[in-house]
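**Q** Structure provided below as structure tokens; questions to follow.
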Amino acid sequence: MWKSVRVNTRTCSVAREDIKDDYKLLGGRSLIAQFVMDEVDPRCDPLGRDNKMVFCTGIFAGTSVSTAHRLSVGAKSPLTGTIKESNAGGTGATYLANHGIRMLVLEDMPETDDWKIVRIDANSEVSLIPAGDYLGLDNYAVVDKAKAEYGDNVSVISIGKSGEMQYKNAGIAVTEFGKGHPCRLAARGGLGGLMGTKQVKAIIMEQAAQKYKPEIADPDAFKEKVLLVNKAMAEGANTSPLAQIGTNSITAASGPQGVLPVKNFNGELSKNYEALSPTTFMENLASRGGKNRVGCQAGCLVKCSNIYHGKDGKYLTASLEYETIALCGANLDINDLDRVAEIDRFCDEFGVDTIEVGATLGVIMDTGKIAWGDADAAMDLLKEMEEGTEFGRLMGEGTEAVGNYLGAKRIPTVKKQAIAGYDPRNCKSLGITYAMSTQGADHTFSSSFGAAPSIIDNSNKFFQPYIAQLLANLTAFVDSSICLIAVGALGLPGIELLPGVLAAMHGIEFTMEDLAAYSAKVILTERAYNKAAGFTVEDDKLPQFFSDEVSKATGAVFDLTEEEMQAILKFV
Amino acid sequence: MISQSAPIVPVLSGMNSHLRVGIKAKELGMTKVLVVYDAGVLNAGIVDPVIENLKASRIDVVTFGKVTPDPPDYQVDEGGKLANDEKVDGLIAIGGGSVLDCAKAINYLTANPSPINQWFFPAIPQGKPLPMIAIPTTAGTGSEGSFAAVITDSATGIKKAILDGNFCRYSLTVSDPLMYAGLPAKPSAYCAFDVLTHSIDSLFSAYDEPYSHMFAETAVRKVVKYLPRVIANGNDYEARQEIAFSATIAGNLLNTNMAGNTHCMGHNIGAVFHLPHGLAVALPLVSLMKLFYSKWRPERAKLVGECFGVHFSGTETVEEIGELTGNAIFKFYKDCGIETFSELELNEEDLEKAIDKMTDDIQTPTTYILMSRSDYVSVIEHMKTLR
């Protein structure tokens, strides 16, 4: 039986019990939707004692389904005020699963200044230990210290100083499989800041001496179905650019189509996307000793991650991804992968969301406070954020707060969360997604760039609501089970192999129709929660400038109506 | 009768569609283009944003901005040489009929030897044409949709045609109302009457092909509905877009049904008296309708009348149909501020010279029932009475 571990951060009690019956088929995002709905008051102050955060594994955790070990973190978001599910790869979910833990909850809030670490030892015992000298360390230093103390095979889920400072752009770092760099972040929505209010610096796990094996109702059928999925994933990975290059393969298409954001989403075609392109990226890796084809979790057959070295040939950062390159690179007119890698490293150390940070810097540059393309000035501002100067603390509040303070006219956020690396005028399905996502502007709610057939013009609204809905309706299930990038390798036909796995695991009927219903339920639960939290259709809107300002790359404006957008979440 | 439609030039239309030229040029495989335009569109500020947009899509740009109205053959030869020297792999034409025609002729010379005047119709060019994009700025000659171009033979001063379904065919028309909005009311009206005459003539053409019929009727209705709005407000973008589309489809129908007697007359009146083309072809329309077109095909004359708002009871004679339709056209004509023939006070002697050429015009072979010189004289006499 999977376990639920509940840590009360005020009383320091640790309770361990079987997972609720109701939660048996839930994992990852679906579990978070239900848990937050059940236990977190939608009207609570997200940085107050009534917010709870849950770390959980997916529905296939503990099995050999490839990419089954994403870690999902959920709560009411300090940044958006909506429900939030933020996920990351790395070793965290694998270790939790091996310890038999489906969900680990941090609730309440300490009344003293004491900081703790949640320790899970080789015997799967969960305890709270003083954070001691871990406090005040950034994520890489936390991991180095944990390795020194517990050995190289330790798994660390941690917050950097940003989380200690309760920043709303703070994320939660997870050590990557292999080298253990803390480069996988559950970045969005300020959950690192929430962990900071609970005064928990990290969850440090040793490898389980006795690995938990989940009960499988029909082992033979299960084995067969898993083999089909893994085979399809491996085959897909052979040809998918997401696997063969990494997520930065997206730049090759987004650049020329005017989807790659330029200068705070001004709608131009980037004048130098070549410098950020997959070609340049691969050349840098090859010539400096870095590599791609890195799997961030054990057993991954897609291996989309990378290790990036600087010009000096030394390690600079890991997991340099498209969103970072888009928001901290093209969006800032910093058309230099090395400078972007530097920003990426800083963000992983300090523990902040590169999308939010990139959007914040873009708004700042747009007001003229620092110049476009000035990576040095950008790094200086990031250091202010780290030091906690007055402006630095404001940056920690997120893009919208900074934009409002500076009187910016163009603030690219929805529900206070920054939009991702796709200009919504030129990929309208993503514009719809940013507006309608239950998580605030979150491209992964329905990551549709490249999903429509190539004859479709994504800067025309035709077909866009359909593809936004299709992907949203699959993604909620994916976020509860495997990795979204793996779906990129599997393709939409490959997803049809997943219901069979769940069916065999639990000895139930589970078809694609059931998958759609499962996904719909997750989204509708999230919507209901947000409604109870005070959100209305007025909040499901993009910033006005996307409708008013013509994109010079294509002549398009964002022109989806409220009715057209709301229709995508009408599942019944 | 058995007829065949011609390929239709694809149209990318909408506000700010000119900002997609770069992406579209790339889709067509262009990497280095010759941008053809004239001083007028350059000064109107239309050319630079298009060049900027092409360059943003990493397309190299070579410019040829020397086009003059009724482009002479040596201008085409110069453009062709530039295109070949620079090894361009695409052509972008921004402007009215003269520019669009000049670019078509330049296309010939990228695969066929110069000078262009050896390629006047009926010569057939060989080889593979370059892809071309038209960005029309007048609505208009419809050159963006037609497979012919008019080039002046400098040796004789006579306008000649080149005609080819490959070398004269634009791969794409970009129809952006912003490109048309700068044209003042009077020239806009003249250009729209070119659309009307293409369309109405084609309904009385010997070649009676159904797509062209559909285009003609649509174009007439749209011009009647939207031209007054354009005259009232040049920035009525919806109206500009509708007339632009009408011009383009009226250009397409030139590939099958062709224009007719308004052009036989208008070409030559226009040439002798240096009148704008749109005005020259508009002048004979009412009289031709009353005296000839309505007799050739009364049902079509009725259809045209209906497009101009005439309500027929169904009991009218052929003459009455001609009168009602002709009067409706004349009223529209005057409401649009177009000068009447009598107001122009054209010199009789020169008029005779124009009439001499009407039976031997480019469009003469394609007219429905051949008109004699005296037939044309009767039309002119009728035109003089219109007030």
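The values are calculated or read from the model by the stated rules, or taken from the named source; none is laboratory data. Just so it is clear, the structure is predicted and the values come from calculations on it, not from any experiment. Positions of Cβ are backbone-derived with ideal geometry, glycine not excepted, and every protein chain shown enters the neighbour counts. With ligands, DNA and RNA removed, areas are computed over all heavy atoms of the protein, side chains included. Shrake-Rupley method; radii C 1.70, N 1.55, O 1.52, S 1.80 Å.
**Q** Suppose we compare each residue of region B:1-37 in its chain alone and in the full protein complex with a 1.4 Å probe; which ones drop by at least 40 Å² of accessible area?
**A** When all protein chains are present, B:Asn16, B:Leu19, B:Arg20, B:Ile23 each give up 40 Å² or more of accessible surface.
**Q** Assuming 1.306 mPa s and 10 °C, estimate D for region B:185-385 with Stokes-Einstein, Rh taken as the Kirkwood radius over Cα pairs, in µm²/s.
**A** This corresponds to a translational diffusion coefficient of 95 µm²/s.
**Q** Related question: Can you pick out the pairs among B:Lys104/B:Lys186; A:Lys314/A:Lys383; A:Lys116/A:Lys147 whose Cα atoms lie more than 25 Å from each other?
**A** Checking Cα-Cα distances, B:Lys104/B:Lys186 exceed 25 Å.
**Q** Right, something else. Treating the angle as unsigned and between 0 and 90°, give the value, to the nearest 10°, between the Cα long axis of helix B:348-358 and the longest Cα principal axis of chain B.
**A** 70
**Q** Distance between the C-alpha centers of region A:306-355 and region B:197-251? Whole Å please.
**A** 56
**Q** Would you list which lysines come within 16 Å of A:Lys213, measuring only between C-alpha atoms, while excluding same-chain residues fewer than 8 positions from it?
**A** By straight Cα distance, A:Lys213 reaches A:Lys3, A:Lys24, A:Lys223.
**Q** Which GluC sites (Glu not before Pro) in region A:482-543 sit in a loop by DSSP (not H, G, I, E or B) and have at most 11 other Cβ atoms within 10 Å of their own Cβ?
**A** Passing sites in region A:482-543 are A:Glu509.
**Q** Using the C-alpha gyration tensor of region A:72-123, what are the square roots of 5 times its eigenvalues, in whole angstrom, with the largest one first?
**A** Semi-axes from the Cα gyration tensor: 22, 19, 9 Å.
**Q** Quick one: angle between helix B:210-232 and the longest Cα principal axis of chain B, in degrees between 0 and 90, rounded to 10, please.
**A** Long axis of B:210-232 versus the principal axis of chain B: about 90 degrees.
**Q** Can I ask one more? Given the Cα atoms of region A:3-205, and with Rh set as the inverse mean 1/r over their pairs in the Kirkwood sense, what is Rg to Rh to two decimals?
**A** Taking Rg over the Kirkwood Rh, I get 0.92.
**Q** Another question about this same structure. Amide H neighbours of A:Arg184 under 5 Å, counting only residues 5+ apart in sequence or on other chains, H built in-plane at 1.01 Å?
**A** Amide H to amide H, under 5 Å and 5 or more residues apart or across chains, A:Arg184 pairs with A:Val174, A:Glu176.
**Q** Determine by what factor the alpha-carbon radius of gyration of region B:11-180 differs from 2.2 N^0.38 Å, reporting the quotient.
**A** Dividing the Cα Rg of region B:11-180 by 2.2 N^0.38 Å gives 0.93.
**Q** I want the antiparallel fraction of DSSP beta bridges within chain A, as a percent rounded to 5.
**A** In chain A, approximately 75 percent of DSSP beta bridges are antiparallel ones.
**Q** Rounded if a/c is under 1.5, else prolate if a/b is larger than b/c, else oblate: which is region A:246-412, with a ≥ b ≥ c the root eigenvalues of its Cα gyration tensor?
**A** Cα axes put region A:246-412 in the prolate bin.
**Q** Further, regarding this structure: Per residue, what volume in Å³ does the convex hull of the Cα atoms of the protein assembly as shown enclose?
**A** Output value, Cα hull per residue: 186 Å³.
**Q** Moving on. Is the shape of region A:123-276 best called rounded, prolate or oblate, per the rule: a/c under 1.5 gives rounded, else a/b larger than b/c gives prolate, else oblate, with a ≥ b ≥ c the square roots of the Cα gyration tensor eigenvalues?
**A** Since a/c reaches 1.5 but b/c is at least a/b, the shape of region A:123-276 is classed as oblate.
**Q** Would you mind telling me which residue in B:Ala161, B:Ala219, B:Ala134 has the biggest mean-square fluctuation in a Gaussian network model of chain B, where springs connect alpha carbons within a distance under 10 angstrom?
**A** B:Ala161
**Q** I've got another one for you. At 1.306 mPa s and 10 °C, plugging the Kirkwood radius over alpha-carbon pairs of chain A into Stokes-Einstein gives what diffusion coefficient in µm²/s?
**A** Working: Rh = 23.2 Å.
D, rounded to a whole number, is 68 µm²/s.
**Q** Nearest 10 degrees, 0 to 90: what angle lies between the long axis of helix B:47-56 and the longest principal axis of chain B (Cα atoms)?
**A** The two axes meet at around 40 degrees.
**Q** Sticking with this structure for a sec: Rank B:Ala111, B:Ala139, B:Ala25 by mean-square fluctuation in a GNM of chain B with C-alpha springs under 10 angstrom and give only the top-ranked residue.
**A** B:Ala111
**Q** Using alpha-carbon positions, what is the distance between the centroids of region A:21-47 and region B:1-70, in Å?
**A** Answer, in whole Å: 56.
**Q** Kindly sort A:Lys409, A:Lys521 by accessible area of their heavy atoms, largest first, with the probe set to 1.4 Å. Could you put the intermediate results ahead of the total?
**A** Values: A:Lys409 175, A:Lys521 130 Å².
In descending accessible area the options line up as A:Lys409, A:Lys521.
**Q** Sticking with this one: Determine the order of A:Lys541, A:Lys570, B:Lys87 by accessible area, beginning with the largest, at a probe radius of 1.4 Å.
**A** B:Lys87, A:Lys570, A:Lys541
**Q** Roughly speaking, to the nearest percent, how much of the protein assembly as shown's 1.4 Å accessible area is carbon and sulfur? Could the numbers behind the result be given before it?
**A** Details: 18090 of 34620 Å².
Carbon with sulfur: 52 percent of the solvent-accessible area.
**Q** I need the phi-derived Karplus couplings for region B:24-40: 6.51 cos²θ - 1.76 cosθ + 1.60, θ = phi - 60°, integer Hz, Gly and Pro marked x.
**A** 5, 4, 5, 4, 7, x, 6, 10, 8, 10, 9, 9, 9, 7, 10, 4, x
**Q** Roughly how big is the B-A contact, given as buried accessible area in Å² (both sides, 1.4 Å probe, nearest 100)? Could you put the intermediate results ahead of the total?
**A** On the way: alone 15590 and 20010 Å², together 34620 Å².
Buried: approximately 1000 Å² between A and B.
**Q** Mind checking the per residue accessible area of region B:11-180 for me, 1.4 Å probe, whole number of Å²?
**A** That works out to 36 Å² for each residue.
**Q** Could you let me know the centre-to-centre spacing of region A:404-481 and region A:55-94, using Cα atoms, in angstrom?
**A** 21
**Q** What share of the DSSP beta bridges in the protein assembly as shown is antiparallel, in percent to the nearest 5?
**A** Details: 47 of 80 bridges.
In the protein assembly as shown, DSSP labels about 60 percent of beta bridges as antiparallel.
**Q** Given the rule -39500 (n - 2.57) for each run of at least 4 DSSP H residues, summed and divided by the residues of chain A, what is its mean residue ellipticity at 222 nm, to the nearest 500 deg cm²/dmol?
**A** Mean residue ellipticity, 222 nm, calculated: -11000 deg cm²/dmol.
**Q** Just the Kirkwood number for chain B, please: inverse of mean 1/r across all distinct Cα pairs, in Å, one decimal.
**A** 20.9
**Q** How large is the accessible surface per residue of chain A, computed with a 1.4 Å probe and reported in Å² as a whole number?
**A** That works out to 34 Å² for each residue.
**Q** Quick one: the Cα spread of region B:220-303 along its three principal axes, in angstroms, biggest first?
**A** Rounded to whole Å, the extents work out to 37, 35, 25 Å.
**Q** Which aspartates and glutamates have a Cα lying under 19 Å from the Cα of B:Lys32, excluding residues fewer than 8 positions away in the same chain?
**A** Answer for B:Lys32, where 19 Å is the Cα cut-off: A:Glu274, B:Asp48, B:Glu52, B:Asp60, B:Glu78, B:Asp85, B:Glu86, B:Asp89, listed by chain and number.
**Q** Another one. Using the Cα gyration tensor of region B:339-387, with a ≥ b ≥ c the square roots of its eigenvalues, what is the shape: rounded (a/c below 1.5), prolate (a/b larger than b/c) or oblate (neither)? List each step's numbers first, then the result.
**A** Numbers: a/c = 2.25, a/b = 1.70, b/c = 1.32.
Prolate is the answer for region B:339-387, as a/c is 1.5 or above and a/b outweighs b/c.
**Q** Report, for region A:3-205, the % of DSSP beta bridges that are antiparallel, rounded to 5.
**A** 75
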